[in-house]
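**Student:** I am attaching a structure below and will ask some questions about it afterwards.
The values are calculated or read from the model by the stated rules, or taken from the named source; none is laboratory data. Everything numeric here is computed off the predicted structure, so don't read it as measured data. Note: ideal-geometry Cβ built from the backbone for every residue, glycine included; neighbour counts use all protein chains shown. We work out accessible area using only protein heavy atoms, side chains counted, and drop any ligands, DNA or RNA first. Shrake-Rupley method; radii C 1.70, N 1.55, O 1.52, S 1.80 Å.
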Amino acid sequence: MDGQTFCSVARQGISKLQKAIHEHKKQKEAENISGACERFLLDLDKLSEPSNSNDPVNLQENFDYAALFVPFLAALELRNPKLTESALDSLHEFIAHGYLKDLNLRTDPPRSLAEVLVENVCGCSSIEDETVQMQVIRVLQTSVMCEPSIVHGANLLQSVRTCFNLHLGSSSQANQTAAKAALSRMINAMMNRLEGLPASASRHVEDRGIPDLPASVPSTPEPAKSSQAGDFPAEHPEMPAPSPNGSHMNGSAAHTKTPEAEKVSEETDFKSVEERDVYEVFHRLCRLSMKYEVVDSWVKPDETMNMQSKMLSLELLLSMLDQSGPKFKGSAKFITCIKQQLCMSLLKNGVSPAPRVFKAALQVFVTLILNFKTHLKQEIGVFFTTIFLRILESPHSTYQQKTMVLQLLHSIFRDPQTVVDVFVNYDCDLKQVDIFAKMLNQLTRTVQSGSGASKDTGYFTPEQVHLPPSPHQYHSKLVEKDFIWLETGEILPRSMAKNESSEGDLESSVDSRVGGESEDVDPVLKQKEHKTQLQQGIKAFNLKPKKGIEILTSSGHLKKEPQAIAAWFHNQPSLDKKAIGEYMGEPDEFNKAVLYAYVDMMSFANMTIDEALRHFLSGFWLPGEAQKIDRMMEKFAERFCKDTDSFSNADTAYVLAYSIIMLNTDAHSPKIAKKMTKEEFVRNNRGINDGMDLPPEFLEGIYDRIVASGFKVKEDEDVATSMSTDSEKSVHERYRAEAQQLMSTAQGLLKKAAEQSSDHFLISNKSEHVISMLEISWAPMLAAFSVVMEESTDNGLIAQCLKGMTGAITLLSIFRLHSQRDAFVSTLTQFTNLHGHTVREVRQKNLESIQAAIAIARNLGNFLGSSWGPVLRCFSELDRLQLAGSGSRLGNVFGGSESSGSHGSRREWFEDKDNRKELIEEANSLKLEEIDTAAIDRVFSSSARLSDEAIIDFVKHLVAVSHEEIESCPSAPRVYSMQKIVEITYFNMSRIRIVWSRIWSILGEHFQSVALAVNTELSMYVIDSMRQLALKFLEKDELTSFHFQRDFLKPFDFVIANSKTAEIRELVVRCLTQVVRSTARNIKSGWKIAFQVLNIAGRDESDTIVLLAFDLVRKVIHESFHQVTSDPAHGHLAYADCLNCLGVFAKNLRNKEVALEAVDLMCLCNKISLQALGEDLDHTLFTDSERHVRIWFPILTGLAGLSSDPRLDLRTRALDKLFETLMAYGPNFDKSLWGHVFHGVLFPMFDDVYHVDEVADTEWLETSFSAAMAQMTDVFVSCFEGASPLLQEFLKMLSLCIVQHNERLAEMGVNSIKRLLSEAGRQFSSEMW
């Protein structure tokens, strides 16, 4: 600002002040102020001369600028509302323009003008004028927030205290609101400056998830009134008090530093003034927040001034924590203050019966656990286990308290990283309690209690469960908050999932972490495993002490040494105290050694015998046997006498200890009606001190203390107050006693934690930790969801549970926790109400469960595995019920797409059913119309996008469901799943062949079994479906050497071979005919199955089937046989299969024409096969190579086999074709091939020659032998060059013919030899002759 602006602001301020003085009734009091104003104007005139038009502060270095403010300070001291208002308004302008910076009053010692000004402004807060109070708030707020701030240290504390008290004590609601807003802005400015931000910068504060209280609880207090109208509340020593009379320019007012200011000035180890300011305010607010305890104001504590003070301090603390940045969180001073001051405040306020205080404490705790957890590991554990979870399960805490604790857990669960960190740092730490597991278990019990499943759990008393006006809405909100953290399955912390943008990425990431075997085991999980084993050992010890010790020592968790076991008994709080006493009371030497070590670890110094005995028995329960107690008392007496000199010998201590035990039992056992009197106790202990009596007053003191308070073990003592059910006390009194006990226990634990070194808090970034969490949490979550889903009818609650179940299934699926996932999916499908034989009404929650199951199938298909079974059964049952409503017959083999038509009406179907069941079914079907069946269809149509492993699981379970549908009613089966199988087969044919092969191995087997079903319509439907699928499948070409086509068509072969129904076999042939004729160009390995089917059909008893099959063979040979034989990998096999097939038709005795034509077709096949060689047949030498043998042997053996047919004309035709073929191509056979032909084909034809006497039927010899022998001789002669090595064997056969008694055989043998010699003799070598 330039000098002209300064002068303008100053003149306006003086003008306002002079006007106020003129209106002041007591002119004499204002004379000094009026004179000061005139001097101010004179000084101002000097500064505003034209030559001095620049910045006035820099014009005259020796000018006392601070003296210019004397009129305003004097006006403040007068405490007149009008004058004060005018002065404050002017001072606000000066401060806002920054004119008070670096100005000091010329006093001794010099004082800052800002300091004096703040003291006087704070003093004006006592004026009971609303306008003045508002001006005070404005000036103080501006003083703190201006840049740079002119208020630090004691002045800052004084400014905060003044606004604090104005909020509490002002009679104006507007001033209260303005004071609170000013405090918030001051806090914001201080926190911003600490972090290096502009004072006015706004910062985002996340919602802590604890909503406002119900309407029955006042959330905004009325303006508080003190005992005397206009009085302010009592000053708090934590806040600095202002000077009583203010101060002025000449220093006449007191300006001695307050104790707070002196303390602040002594702090020299702060890094900056800003850090010191924030620390002082934070420290004092912590102390102020725990100053007042709510004891008697149970119903309306908000009406007290101290309660408002507590609430405001907690709110300001919460604001500071919310706005904390790296410097605040990284400062050891602030962390120490939080541990020592704020945590103690939370202990007191965290058990407060006042709802608003309790809520504020929870909000602060939420902020601590979300933002400061790395520094507060021990403290967080104490609060959870000792305070909040105990309040949740307490029978004495209020419904509102339980509700707010649940809101606290909701806030924590809403941050996935914090949830995992809690698990890692507590459930996986041997020294810590399993907080995560405890939270889940108690949430489950709370849900069960709220839903009515477990009214005896103690979580909600009957009064709380039926709390007006709408208890069901309360419980809906409770469960909603309990499970909202699983709505989307986002339990993965951001640190784990930051690079995982899609489901596929997440899946691969999880697989890499879960599936891989890492050499280095995660230390957290290793520690968790160790802790789990230890807990299992403790559980075993609590049931059977000796067995538990054996388990723990054998596993290495405990050394098998008396000292180690005794120390474990002392330090392990989870042990059952009765089990400890039972173990140490055993007579075994080792057990006695443990007892002696246990006692020797205790010190009874400076204790009376009853105090020592009470201390001794606080760690275990005495066993019931007298001998065991005797051993324990002996050792106790020995140790007591060693630590004290109370008795002359141990016998006295032993006898008196035993007597005290008996007195305790007598005094506190309800079974003993007549109690021991004091005189009797003294009399019973006479002469036990070496024959002398103990002092009576000594024994009487022991008697009084024992009767007043019996012996208790530690665990009983901790809960004795909380479990008190004294009917004479109100529930409020019982809660106060319990709260006091909880607070005392927590204080002890915090003190113990402070003495120990702080454990390192781990921040989890590994998905393995989440897996371990899920293994622990899935059972409690499933139990809670199941209870609510089973018993609740609230739609919002049901929707929330379904979201939770869906989220849980998502996580369990992704992390491959198969059994847990199956449990959730099975439970979800049960709530669809579609399973089971009992017909029940479908409700809205069942419909929503069906929708959830559909969503899971669509979104998690790659992860469902064995869980596909219940989901697909759900779809099947849904279709059944929808058919029932539409009037379709349930037994319709064409599924839900066909109308009832001629299959009968609903009445026919339900005629043997109960009327009520029919009505329920019809009503259910109407409700199920709401389900979008198109969504289910999309599940099957999208199966092509499933992973390779997922599609196998999907197909496997779909086949299982289809089998169940068919087996449920074999005579009239449902085919819903069968239809879906056909559909998914279409959709998945484009998969890689190795995957498809696995799919079809499952589907093909199912097609085979269904095609043989007793229901003919079903079989025909399946076979026709196979036809359609084959047409689709064979559209794709098959690569060489693969046999996918053969595997796909195999069900046709299986069905025709095993079906006993001619209609089914005929349908197989017709379907195959269409498939072959439509896709012959692409068939390769499939020819083998095609010819096998035709082979079987050729033997069929039905002429129709035989003719259909033969017609197909004929067409294949005439139209496509060149394609059959051209494939290098499968052509030779198809050629042989085709000839075998024709051989079967040739042997068909019922159709002569077919048989004869089959022989001709065999020769045609051979001709086409030779042409496929692509060689000049006249110059081709056929050898015994595999290629040539594959061509010749099938045709030659096939024709030779027909030579023995019982029909003469067929034999003749076959022999003629055989030898014609040999005559035509034999000259090109080499010697090795001829050897194979004679030995494998020709010689076996004349086997009867060698066994003429043994042949019963000589028809062949009489009718066909001569012609056959003549033709073979012709072949031998014509092809003598290649057949010559076989001359000796041929002559031997002819010789056998000659020597036969059968004249015709002999004659034929002689003629054959003659012809051989005459026509081939020239070619004989000397050796041959």
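**Student:** From the list K729, K712, which one is outside any helix (DSSP H, G or I), touching a Ser or Thr at 6+ places or on another chain (Cβ under 8 Å) and modelled with pLDDT under 80? Can you show your working first?
**Tutor:** Working: K729 fails: touching a Ser or Thr at 6+ places or on another chain (Cβ under 8 Å).
Residue meeting the stated conditions: K712.
**Student:** May I pose another question? From D600, D610, D630, D588, grab the single residue that is of a type in the set (D, E, K, R) and farther than 21 Å from A653 by Cβ.
**Tutor:** Numbers: D600 fails: farther than 21 Å from A653 by Cβ; D610 fails: farther than 21 Å from A653 by Cβ; D630 fails: farther than 21 Å from A653 by Cβ.
Selected residue: D588, the only one of D600, D610, D630, D588 that is of a type in the set (D, E, K, R) and farther than 21 Å from A653 by Cβ.
**Student:** So in segment 1284-1329, with the set limited to residues that are basic (K, R) and closer than 13 Å to T1273 by Cβ, which one is least open to solvent (accessible area, probe 1.4 Å)? Steps first, please.
**Tutor:** Taking segment 1284-1329 as the starting set, the residues that turn out to be basic (K, R) are 1292, 1304, 1314-1315, 1322.
When the remaining residues are screened for being closer than 13 Å to T1273 by Cβ, the result is 1314-1315.
Numbers: K1314: 128, R1315: 81 Å².
Among those that are basic (K, R) and closer than 13 Å to T1273 by Cβ, it is R1315.
**Student:** Still on this model: Looking only at segment 320-372, filter to residues that are surrounded by fewer than 19 Cβ atoms within 10 Å (Cβ to Cβ) and of a type in the set (K, R); which one of those is farthest from K752 (Cα to Cα)?
**Tutor:** Per the criteria, the residue is K327.
**Student:** I need the full set of residues from segment 635-655 which are open to solvent by less than 30 Å² (accessible area, probe 1.4 Å) and outside any loop (DSSP other than H, G, I, E, B), in order please.
**Tutor:** Of segment 635-655, the ones open to solvent by less than 30 Å² (accessible area, probe 1.4 Å) are 635-637, 640, 644, 647, 652-653.
Once the filter is applied, which keeps residues that are open to solvent by less than 30 Å² (accessible area, probe 1.4 Å) and outside any loop (DSSP other than H, G, I, E, B), segment 635-655 yields K635, F636, A637, F640, T652, A653.
**Student:** In segment 926-957, what residues are over 16 Å from S876 (Cα atoms) and basic (K, R)?
**Tutor:** Within segment 926-957, K927, R945 meet the criteria.
**Student:** Could I ask something else about it? For G1321, all conditions in the list (1) without any contact (Cβ under 8 Å) to a residue 12 or more places away in the chain; (2) within 16 Å of A1200 (Cα to Cα) hold save one; what is the number of the exception?
**Tutor:** Every condition holds for G1321 apart from (2).
**Student:** Could you tell me which of the residues K1084, K1036 is assigned to a loop (DSSP other than H, G, I, E, B), of a type in the set (D, E, K, R) and open to solvent by less than 60 Å² (accessible area, probe 1.4 Å)?
**Tutor:** Working: K1036 fails: open to solvent by less than 60 Å² (accessible area, probe 1.4 Å).
Every option except K1084 fails the conditions.
**Student:** Among the hydroxyl-bearing types (S, T, Y), open to solvent by 20 Å² or more (accessible area, probe 1.4 Å) and in contact (Cβ under 8 Å) with a residue 24 or more places away in the chain, is that true of T608?
**Tutor:** Values: among the hydroxyl-bearing types (S, T, Y): yes; open to solvent by 20 Å² or more (accessible area, probe 1.4 Å): yes; in contact (Cβ under 8 Å) with a residue 24 or more places away in the chain: yes.
Taking the combined requirement at face value, the residue satisfies it.
**Student:** Something else: More than 20 Å from L699 (Cα to Cα), in a helix (DSSP H, G or I) and touching a helix residue (DSSP H, G or I) at 6+ places or on another chain (Cβ under 7 Å): which single residue out of Y658, Y596 fits that description?
**Tutor:** On the way: Y658 fails: more than 20 Å from L699 (Cα to Cα).
Among Y658, Y596, only Y596 is more than 20 Å from L699 (Cα to Cα), in a helix (DSSP H, G or I) and touching a helix residue (DSSP H, G or I) at 6+ places or on another chain (Cβ under 7 Å).
**Student:** D666 versus (1) open to solvent by less than 70 Å² (accessible area, probe 1.4 Å); (2) free of Cβ contacts under 8 Å to residues at least 24 places away in the same chain; (3) under 25 Å from G691 (Cβ atoms); (4) of a type outside the set (A, V, I, L, M): which is the lone unmet condition?
**Tutor:** The failed condition is (3).
**Student:** Report, by residue number, each residue of segment 384-395 that is open to solvent by less than 10 Å² (accessible area, probe 1.4 Å) and either in contact with a Phe, Trp or Tyr (Cβ under 6 Å, 6 or more places away or on another chain) or in a loop (DSSP other than H, G, I, E, B) (or both).
**Tutor:** Hit for segment 384-395 is S394, nothing else.
**Student:** Report yes if I763 is of a type in the set (V, I, T), in contact (Cβ under 8 Å) with a residue 24 or more places away in the chain and under 28 Å from Q527 (Cα atoms), otherwise no.
**Tutor:** On the way: of a type in the set (V, I, T): yes; in contact (Cβ under 8 Å) with a residue 24 or more places away in the chain: yes; under 28 Å from Q527 (Cα atoms): yes.
For I763, the condition - of a type in the set (V, I, T), in contact (Cβ under 8 Å) with a residue 24 or more places away in the chain and under 28 Å from Q527 (Cα atoms) - is met.
**Student:** Please go through segment 1040-1060 and give me each residue that is of a type outside the set (D, E) and over 15 Å from S1009 (Cβ atoms), ordered by number. Steps first, answer last, please.
**Tutor:** First, pick out the residues of segment 1040-1060 that are of a type outside the set (D, E): 1040-1046, 1048-1052, 1054-1060.
Within segment 1040-1060, T1040, S1041, F1042, H1043, F1044, Q1045, R1046, F1048, L1049 qualify.
**Student:** What residue, of S603, S648, is hydroxyl-bearing (S, T, Y), touching an Asp or Glu at 6+ places or on another chain (Cβ under 9 Å) and closer than 21 Å to A566 by Cβ? Show your work before the answer.
**Tutor:** Numbers: S648 fails: closer than 21 Å to A566 by Cβ.
Just one listed residue meets the conditions, S603.
**Student:** Here's a follow-up. Kindly indicate whether any position in segment 353-364 is part of a loop (DSSP other than H, G, I, E, B) and either touching a Pro at 6+ places or on another chain (Cβ under 7 Å) or modelled with pLDDT under 90 (or both).
**Tutor:** Filtering segment 353-364 down to residues part of a loop (DSSP other than H, G, I, E, B) leaves 353-354.
Then keep just the ones that are either touching a Pro at 6+ places or on another chain (Cβ under 7 Å) or modelled with pLDDT under 90 (or both); that gives 353-354.
Looking for residues that are part of a loop (DSSP other than H, G, I, E, B) and either touching a Pro at 6+ places or on another chain (Cβ under 7 Å) or modelled with pLDDT under 90 (or both), one finds at least one in segment 353-364, hence yes.
**Student:** Taking segment 136-152, which residues are part of a helix (DSSP H, G or I) and open to solvent by less than 10 Å² (accessible area, probe 1.4 Å)? Don't jump to the end; show me each part of the working.
**Tutor:** Kept after step one, since they are part of a helix (DSSP H, G or I), are these residues of segment 136-152: 136-145.
Those that are part of a helix (DSSP H, G or I) and open to solvent by less than 10 Å² (accessible area, probe 1.4 Å): V136, I137, V139, L140, S143, V144.
**Student:** A further question follows. Scan D1024, D1053 and give me the residue that is buried (at least 21 other Cβ atoms within 10 Å of the Cβ) and modelled with pLDDT of 90 or more. Can you show your working first?
**Tutor:** On the way: D1024 fails: buried (at least 21 other Cβ atoms within 10 Å of the Cβ).
Every option except D1053 fails the conditions.
**Student:** Residue by residue through segment 1185-1204, note down the ones that are out of contact with any Phe, Trp or Tyr (no Cβ under 9 Å at 6 or more places or on another chain), touching a residue at least 12 places away in the same chain (Cβ under 8 Å) and either assigned to a loop (DSSP other than H, G, I, E, B) or of a type in the set (G, A, S) (or both).
**Tutor:** G1198, A1200, G1201 - these are the residues of segment 1185-1204 that are out of contact with any Phe, Trp or Tyr (no Cβ under 9 Å at 6 or more places or on another chain), touching a residue at least 12 places away in the same chain (Cβ under 8 Å) and either assigned to a loop (DSSP other than H, G, I, E, B) or of a type in the set (G, A, S) (or both).
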